[in-house]
Amino acid sequence: MRQLFFVSLILFTPVLILSQGSLKQNLEVVQNGYLLVQLFSRERTTEIIRKNQGEAAAQRYQADLLEKNKKLAKAFGEHFTFSKVLFFYSKDKEFVKNKDFDATTFYGFNHEIVNKDTINITQFRIGEVSRVIADSVVHYLPDGEVEKHPSYVFSAFVLMDDQFRQYSKPNWFYVRTHAGAPFFQKKENRLVKAINSKMTRKAK
C-alpha cells in the first residue's frame with residue numbers, strides 16, 4: 001500500500017505542475033493576448049475604518065487607494081510594452097474567472113472605463129500586487145485529516161493563471177515591491193519597469 005502511494009505521488013505530481021504550463025509558455029500567452037491586472041477597492045477594510053475612525057478617515061483611505069490604483073495603471077501605460085493590458089476590480093473576479101467579459105468592467109491606463117466593443121480577449125493571464133505564496137503550512141487535525149494553508153511571505157506583483165492561481169516553483173513569476181522598506185521599495189514606475197524587463201527576459 002505504501003509503495004502504491006509513492007508510485008501514485010510520482011505519477012500525479014507532474015500533472016499538477018504541467019497543468020499550468022511552463023513560465024515561458026504562460027508568458028507567451030500574455031504576450032499574444034492580455035495581461036489583466038486586478039485592482040482592489042478594499043470595501044471591508046473601508047467599513048472597519050469607518051466603524052472605528054469615522055467617515056472622514058474612511059473617505060481618506062478610499063481616496064488614497066484610488067490614487068494608488070490610478071498611478072499603477074498610468075505606470076503600465078508609460079512603461080509596459082510586453083503585451084496589451086486591461087485593469088479590473090476584484091468585485092468582478094468571478095466574471096473574469098468564468099470568462100464572462102461582457103459582465104466585467106475593464107479600465108484603461110487613465111482609469112477610464114474601456115468600451116467592450118474594442119476588446120477581444122481570447123487568451124490572458126492575471127497579475128496583481130499581492131503576496132507571494134510560499135510552501136504550504138500543514139496542519140494535522142485530531143480526526144487524522146490534513147489541512148494545508150498557504151504561507152504569505154512578501155509583497156510582490158504576482159502572475160497567476162486564468163483561475164487566479166499562483167504558479168509553483170520553478171515556473172512562478174513575481175517582482176518584489178519591497179513594501180515597507182523606504183530605501184528599496186519599488187513605487188509604481190519602478191515596479192512596472194521591472195515587471196516589463198523581467199517578462200521580456202524570461203520569455204526568451
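Side notes on the structure shown:
- Any chance N69 is within 21 Å of L159 (Cβ to Cβ) and open to solvent by less than 30 Å² (accessible area, probe 1.4 Å): yes
- Filtered residues of region 63-113 (kept if in a strand (DSSP E or B) and within 17 Å of the chain's Cα centre (by Cα)): K84, V85, L86, F87, F88, Y89, Y107
- Within the span defined as region 125-137, every residue fails to be of a type in the set (K, R), part of a loop (DSSP other than H, G, I, E, B) and open to solvent by 60 Å² or more (accessible area, probe 1.4 Å).
- Among the residues making up region 23-62, those that are polar (S, T, N, Q), over 17 Å from the mean Cα position of the chain (by Cα) and open to solvent by less than 90 Å² (accessible area, probe 1.4 Å) are T45, T46, Q62.
- Looking across region 177-199 at every residue that is among the polar types (S, T, N, Q) and in contact with a Ser or Thr (Cβ under 7 Å, 6 or more places away or on another chain), the one that is farthest from L36 (Cα to Cα) is identified as Q185.
- From D117, D102, residue being on the phi < 0 side of the Ramachandran plot, touching a helix residue (DSSP H, G or I) at 6+ places or on another chain (Cβ under 9 Å) and free of Cβ contacts under 8 Å to residues at least 24 places away in the same chain: D102
- Total residues in region 143-195 satisfying the condition of being of a type outside the set (D, E, K, R), buried (at least 18 other Cβ atoms within 10 Å of the Cβ) and in a helix (DSSP H, G or I): the figure is 3.
- Remark: pairs (first residue in region 176-190, within 18 Å of L65 (Cβ to Cβ); second residue open to solvent by 70 Å² or more (accessible area, probe 1.4 Å); Cβ separation under 6 Å; 6+ apart in sequence or on different chains) = E188/K71.
- Evaluation of S151 against (1) on the phi > 0 side of the Ramachandran plot; (2) at pLDDT below 95 (one fails), failing number: (1)
The values are calculated or read from the model by the stated rules, or taken from the named source; none is laboratory data. As the structure is a prediction and not an experimental result, all values here were calculated from the model. Note: ideal-geometry Cβ built from the backbone for every residue, glycine included; neighbour counts use all protein chains shown. Accessible surface areas use protein heavy atoms only, side chains included; no ligands, DNA or RNA. Shrake-Rupley method; radii C 1.70, N 1.55, O 1.52, S 1.80 Å.
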